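Written out below as structure tokens is the structure these notes cover.
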Amino acid sequence: MKQLRIAIAGATGVVGRELLGALEERGHPTDKILLLGSDRSAGEEISYLDDSLAVEKPEADSFRGVDLALLATPFEASRKLAAAAQSAGAWVVDLSPAHRLAPAAEARETAPLVLPGVNDGVLDAPFAGRIVSVPGAPAAALLSALEPLRATFGLVRAHATVLLGASSAGQRGIATLETQTAGLLSGREPDEEEEGSTAPPSPFPHRLAFNLVPQVGDLSSDWSSEERGLRAEAARVWGGEAPVSATAIQTPTFYGVCLEVLVELRRAPEHAEALRQALRGSSRIKVLDAPAEKIYPMPMLVTADPTYHVGRVRLLPDAPTWASLFIAVDNAGRGAALNALEVAERLAARAG
Ligand SMILES: NC(=O)c1ccc[n+]([C@@H]2O[C@H](COP(=O)([O-])OP(=O)(O)OC[C@H]3O[C@@H](n4cnc5c(N)ncnc54)[C@H](OP(=O)(O)O)[C@@H]3O)[C@@H](O)[C@H]2O)c1
């Protein structure tokens, strides 16, 4: 990919910084990177290799000469930037929900949803547009862990309790949790705004510090937008009905997404070790499962780790086809930026 000119939109955000860090690790040349941000961060300098790169505001001709646009921007910005980049002839990998929730049949034609290791074969078939989207971190983690179990034992259904850290809500999520935690520790209620504060409003529906909130996204029906989104993404990645559901909970941790998953399999595994063996067959999964030695997945272990951690693998008592597992993933890294870059590398290979 080193010869490609790559634009990162949303370069100052949680995911954009991860994308830039991954390109830096790969030694992608400085003169082949363009950083885009909103009005707020235009002009900001970000260090890269031995140099620094200025963040630019997207303009009508920003994507001229760009081969690949990685979009780590909010929904509306991604929609506009994807269209502009595509018309300028660039390949687009969108990390936002803007394209990943399009109806399956229409999107298969124009903007496939691709999860490396699960359905990246779709990139070998022709599709009309130049936009590819990648799943959100919870769907990426759930589907990556279920895939080897589905292949070995067959899948009837799965339900996940998804525990999201504040960084899943971007920079605003992190800043809100920091302010609320520091405030409460100094005896100040989070809704008592500090005089002259220019802090952006909280993205959470209730105080998050020292709390848990069983609502992520809009909750005007039984299932929140986050929960419905995960199910829709599973259906698109697996190419049909997806027998998965989720309960999403916002937790007062900063980084990482964890999932406690209950899964019903078609064929009963002889023992839990058979499940671990199937999971170890995936190069993207690290099985951490020695509870007696206090070894299991935790958010603090996944930062900068390129694998999905899976542990606490058990068969349910008296229910031989039911299993339970616990997953942790770096939401911005493995769960987002690395998947986008793997898709980009495959697109680059396809383009020759
Ligand atoms: N956080 C996660 O764990 C995660 C995981 C997977 C996917 N995603 C998706 O990735 C996207 C970015 O998430 P994030 O968590 O990185 O958010 P974030 O920390 O809030 O960053 C958003 C970025 O988008 C930029 N931006 C906002 N409006 C823009 C516009 N009109 N034009 C150009 N740039 C604009 C912001 O620039 P300024 O700094 O100038 O405001 C910032 O760089 C979202 O769609 C999110 O759903 C997030």
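The values are calculated or read from the model by the stated rules, or taken from the named source; none is laboratory data. Please read all numbers here as calculations on a predicted model, not as lab measurements. Note that we place each Cβ from the backbone using ideal geometry, even for glycine, and neighbour counts take in every protein chain shown. Ligands, DNA and RNA are excluded from the accessible area calculation, which covers all protein heavy atoms including side chains. Shrake-Rupley method; radii C 1.70, N 1.55, O 1.52, S 1.80 Å.
Just a few scattered comments:
- Surface composition of segment 1-96: carbon plus sulfur atoms contribute 47% of the solvent-accessible area (1.4 Å probe, protein chains only, all chains present).
- Divided by 2.2 N^0.38 Å, where N counts the residues, the Cα radius of gyration of the chain comes to 1.01.
- Note on His206: accessible area is roughly 120 Å² with a 1.4 Å probe, heavy atoms of protein only.
- Measuring nothing but protein heavy atoms, the accessible surface of segment 227-352 at 1.4 Å probe radius is 55 percent carbon and sulfur.
- Per residue value of the accessible surface for segment 39-169 (all protein chains in place, 1.4 Å probe), Å²: 42
- Carbon and sulfur %, accessible surface of segment 116-158 computed with the full protein complex present, 1.4 Å: 53
- For segment 26-38, 3J(HN,Hα) per residue [Karplus equation, 6.51 cos²θ - 1.76 cosθ + 1.60, θ = phi - 60°, Hz, x = Gly/Pro]: 7, x, 4, x, 4, 6, 10, 10, 10, 9, 10, x, 7
- Entry note, the chain: relative contact order of 18 percent, from Cα contacts under 8 Å with a spacing of 6+ residues.
- Residues whose amide H falls under 5 Å from that of Lys286, counting only those 5 or more places apart or on a different chain, are Tyr308, His309, Val310, with hydrogens built in the peptide plane.
- Annotation: amide H of Asn331 within the under-5 Å range of Gly256, Val257, sequence separation 5 or more or interchain, hydrogens built in the peptide plane.
- Burial ranking of peptide ranges 29-40, 300-311 (average Cβ count within 10 Å, highest at the top): 300-311, 29-40
- Sparsely packed trypsin sites (Lys or Arg not before Pro) within segment 210-319, loop by DSSP, other Cβ within 10 Å at most 14: Arg266, Arg267, Lys294
- Net charge contributed by nearby residues that have their C-beta within less than 14 Å of Val93 (K/R +1, D/E -1): -2
- Order by protection proxy (mean Cβ within 10 Å, highest first), peptides 327-340, 65-78, 147-160: 327-340, 65-78, 147-160
- Probing with 1.4 Å while keeping every protein chain in the model, the per residue accessible area of segment 281-329 equals 52 Å².
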